[in-house]
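Okay, structure first, notes after.
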Amino acid sequence: MLVHGTFAGRAANEGDSWWQKGSAPWKGLSERLPAETKLAERGDVFHWTGDNSERARIKAGADLLEQILEMEAAGRGYHLIGHSHGGSVI
């Protein structure tokens, strides 16, 4: 899962931001991952507001935990990559 930092929030799963499906960084990373490892599928792109506040990051961390727990329950493996305050969210 790719977790963006402050001011990088977007509503769409796809776009040109580094963490959105279809962006150049997304494609580049996808090409370099081992065959059994994939970036998010089926709407698994993580979204948070990107607001520059501790409250927004804490809320995003709780939302991320919820998604992680769902993946854990389903037996799905995952990796987390965060940029800037995305690391704080993680």
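The values are calculated or read from the model by the stated rules, or taken from the named source; none is laboratory data. All of these numbers come straight from a predicted model, not from anything done at the bench. So basically every Cβ, Gly included, is an ideal-geometry build from the backbone, and we count neighbours across all protein chains shown.
Determine, yes or no, whether Glu36 is acidic (Asp, Glu) and modelled with pLDDT under 95.
So Glu36 fits the description; yes.
Here the condition is being closer than 16 Å to His4 by Cβ and touching a Lys or Arg at 6+ places or on another chain (Cβ under 7 Å); of Ser84, Ser88, it holds for Ser88 alone. The single condition from (1) touching a Pro at 6+ places or on another chain (Cβ under 6 Å); (2) of a type in the set (A, V, I, L, M, F, W, C); (3) modelled with pLDDT of 95 or more that Ala62 fails is (1).
Looking across region 9-60 at every residue that is in a helix (DSSP H, G or I) and acidic (Asp, Glu), the one that is surrounded by the most Cβ atoms within 10 Å (Cβ to Cβ) is identified as Glu54.
One residue stands out among those in region 65-78 that are part of a loop (DSSP other than H, G, I, E, B) and exposed (fewer than 10 other Cβ atoms within 10 Å of the Cβ): the one that is modelled with the lowest pLDDT, which is Gly77.
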